[in-house]
Amino acid sequence: MIARTAGNGSTAAPAASSARPTGSFDIRTQDCIDFLRGLPSASVDLIVTDPAYSGMNRHLRLGHGRIVGHYGKPDNARWFHEFSDDPESYAVFLGECHRVLRQDRHVYIMFDSFSMLSLGALVREFFDVKGVVVWDKVHLGMGHYFRRRHEQIVFASKGRRKLSRRDLPDVWAVPRIHRAAYPTQKPVQLFEFMVQASAEPGFLVCDPFCGSASSGVAALLGGCDFIGADIDARAVDIAEERLATFVATGQDPLEPAR
Ligand SMILES: C[S@@+](CC[C@H](N)C(=O)[O-])C[C@H]1O[C@@H](n2cnc3c(N)ncnc32)[C@H](O)[C@@H]1O
């Protein structure tokens, strides 16, 4: 399935696929660093990931001091773990990403505005940063000044690799998911663009912060295998059930409209 770029530079959604994916998946309940340390060097072909940065919530205190309501209460269904993203931990994370990635491969790391400014430049110390993609969520979100409508995705390489797709702009207009089954669930389409641009069938796609595994669905759609981790057992349950259903039926239960 190939999504095509509309003439105005926005990104067109692909048609829904009924084909059943043939790839495999492996999702672990683990901290991202422990997970990566357990993988052999040069063993994955593409890293696509959307970390749960703590910076935005810790430092950009707005309103009552937290952006996401009763975010910190573990009994709240909208709660999820944050990754302590001080520069030292983040450098360890990036170093492990570099170690497990094969030579001549790509990595995509998502950033909110706060973490982009505080951590984004560190990516250059480990990878060749090739560009920054803007995810335009199309619909307005929260925000006390300009209301948030975008996130950023740093695109980088280990060694040299051309993009498989050359028709994508660096702004991806993909509507955010409303009433998502998982609190931070991202549209599969986002990860599909990454897979289409940087993977071949049979590649192993890795996401150390996989949440509900939207990245996993995209990997399987692209004929790839998927390995992921999340520190939260509830996320892993959702992700495993989602990918098992997707492999069995060809339908994504968390984005049925696709
Ligand atoms: C922004 S969400 C990812 C959402 C995912 N892209 C999706 O579409 O569902 C980040 C995830 O990182 C997980 N997480 C937080 N700290 C972690 C850590 N230290 N190691 C691994 N996962 C962690 C959270 O539980 C959360 O599910």
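Is there a residue being touching a residue at least 60 places away in the same chain (Cβ under 8 Å), of a type outside the set (A, V, I, L, M, F, W, C), out of contact with any helix residue (DSSP H, G or I) (no Cβ under 6 Å at 6 or more places or on another chain) and loosely packed, with under 12 Cβ neighbours inside 10 Å anywhere in segment 100-111?
Checked segment 100-111: at least one residue is touching a residue at least 60 places away in the same chain (Cβ under 8 Å), of a type outside the set (A, V, I, L, M, F, W, C), out of contact with any helix residue (DSSP H, G or I) (no Cβ under 6 Å at 6 or more places or on another chain) and loosely packed, with under 12 Cβ neighbours inside 10 Å.
Just the residues that are touching a Phe, Trp or Tyr at 6+ places or on another chain (Cβ under 6 Å), more than 21 Å from residue 256 (Cα to Cα) and within 8 Å of the ligand (Cβ to nearest atom), please, taken from segment 173-231.
208, 229
Kindly establish whether residue 220 is of a type outside the set (Phe, Trp, Tyr) and closer than 21 Å to residue 100 by Cα.
On the way: of a type outside the set (Phe, Trp, Tyr): yes; closer than 21 Å to residue 100 by Cα: yes.
Against the criterion (of a type outside the set (Phe, Trp, Tyr) and closer than 21 Å to residue 100 by Cα), residue 220 qualifies.
Any residue in segment 223-239 that's in a helix (DSSP H, G or I): show its pairings with residues that are more than 8 Å from the ligand (Cβ to nearest atom) and among the hydroxyl-bearing types (Ser, Thr, Tyr) at Cβ separation under 6 Å, as long as the two are six or more apart or on different chains.
233/29; 236/29
Residue 88 is checked against (1) in contact (Cβ under 8 Å) with a residue 40 or more places away in the chain; (2) part of a helix (DSSP H, G or I) and fails just one. What number does that condition carry?
Residue 88 satisfies every listed condition except (1).
Which residue is surrounded by the most Cβ atoms within 10 Å (Cβ to Cβ), if the candidates are limited to segment 130-182 and must be in contact with a Leu (Cβ under 7 Å, 6 or more places away or on another chain) and among the hydrophobic types (A, V, I, L, M, F, W, C)?
135
Every read-out reported here was derived from the displayed coordinates using simple, explicitly stated rules and does not represent laboratory data. These figures come from a predicted structure and were not determined experimentally. With ideal geometry, Cβ positions are generated from the backbone for all residues, glycine too; neighbour counts draw on all protein chains shown.
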